[in-house]
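S.K.: Take this structure first; my questions come after.
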Amino acid sequence: MTEIRLPEMGLVVLVGVSGSGKSHFARRHFTPTQVVSSDRCRAMVSDDENDQSATGDAFELLHHIVRTRLRRGLLTVVDATNVQTGPRQQLLRIARECDVMSAAIVLDVPEAVATARNAARPDRDLPDHVVPRQRRELRRGLRSLQSREFKRSYVLNGVEEIDAATVVYEKAW
Ligand code: GTP
Ligand code: MG
């Protein structure tokens, strides 16, 4: 069983392809206001969680909320795919600006699991190439994510490991 050790205050970045279970995981382990979701931000600026044309504005809003919360000393969890290095770097820059710790939690599920889950979702209509592309992006950046980007990172492999993981908070981190 993986015990995810987090700072009492800092940035937590969830990482995983669409359908890997990030939003589900966030709901299980964190309070609603601790979680800042790119889909919610997209909905707030466009009335449509799937409106890709709103992505730029949605992430501007997400970064603003993350920066404000971290400045105010609040644990902040980012629920977005974060499979690409660029978006992770933007979040890490904000954490550095605010002088707080950062951790990543990677949810790595088999492609078939993510695809089957997405197919069953009324709120998602993803083209077939999206999940495989996200998996390639995740693979490509995984080593640097673990060795360089975050102070600590946890990679949960497969549905059972994700299910069994627990979160604990540490003062000295
Ligand atoms: P995006 O927001 O598209 O990036 O996906 P996501 O990673 O947030 O996935 P989400 O948490 O929305 O999960 C996708 C679907 O899989 C939802 O219908 C969930 O209910 C289901 N799901 C997620 N995690 C689990 C899990 O651990 N067990 C089971 N049985 N279903 C899960
Ligand atoms: Mg989600």
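The values are calculated or read from the model by the stated rules, or taken from the named source; none is laboratory data. Bear in mind that the values here come from a model prediction, so they are computed numbers and not experimental data. Please note: Cβ atoms are built from the backbone with ideal geometry, for glycine as well, and neighbour counts cover all protein chains shown. The accessibility values were calculated without ligands, DNA or RNA, using every heavy atom of the protein model including side chains. Shrake-Rupley method; radii C 1.70, N 1.55, O 1.52, S 1.80 Å.
S.K.: Could you check Val77 against (1) in contact with a helix residue (DSSP H, G or I) (Cβ under 8 Å, 6 or more places away or on another chain); (2) more than 14 Å from ligand 1 (Cβ to nearest atom) and say which number it fails?
M.R.: (2)
S.K.: Identify, please: which residue in segment 24-38 is in a helix (DSSP H, G or I) and surrounded by fewer than 18 Cβ atoms within 10 Å (Cβ to Cβ) and is, among those, farthest from ligand 2 (Cβ to nearest atom)?
M.R.: If we filter segment 24-38 for residues that are in a helix (DSSP H, G or I), which is where we start, we get 24-29, 32-34, 38.
Filter again for surrounded by fewer than 18 Cβ atoms within 10 Å (Cβ to Cβ), leaving 24, 27-28, 32-34.
Values: His24: 8, Arg27: 10, Arg28: 13, Pro32: 14, Thr33: 17, Gln34: 15 Å.
Step by step, filter segment 24-38, then rank; the result is Thr33.
S.K.: Just to check your reading of the model, which residue among Val12, Val66 is assigned to a helix (DSSP H, G or I), on the phi < 0 side of the Ramachandran plot and open to solvent by less than 20 Å² (accessible area, probe 1.4 Å)?
M.R.: Val66
S.K.: Tell me, yes or no, whether segment 91-98 has at least one residue that is within 16 Å of the chain's Cα centre (by Cα), basic (Lys, Arg) and open to solvent by 70 Å² or more (accessible area, probe 1.4 Å).
M.R.: Yes, there is a match, as at least one residue in segment 91-98 is within 16 Å of the chain's Cα centre (by Cα), basic (Lys, Arg) and open to solvent by 70 Å² or more (accessible area, probe 1.4 Å).
S.K.: Any chance you could count how many residues in segment 138-166 are in contact with a strand residue (DSSP E or B) (Cβ under 6 Å, 6 or more places away or on another chain) and of a type in the set (Gly, Ala, Ser)?
M.R.: So the count comes out to 2.
S.K.: Whether any residue in segment 22-30 is aliphatic (A, V, I, L, M), within 12 Å of ligand 1 (Cβ to nearest atom) and in contact (Cβ under 8 Å) with a residue 12 or more places away in the chain is what I want to check. Can you show your working first?
M.R.: Of all residues in segment 22-30, those aliphatic (A, V, I, L, M) come to 26.
This time we only want the ones that are within 12 Å of ligand 1 (Cβ to nearest atom), so: 26.
If we keep only those that are in contact (Cβ under 8 Å) with a residue 12 or more places away in the chain as well, we get 26.
The answer is yes, given that some residue of segment 22-30 is aliphatic (A, V, I, L, M), within 12 Å of ligand 1 (Cβ to nearest atom) and in contact (Cβ under 8 Å) with a residue 12 or more places away in the chain.
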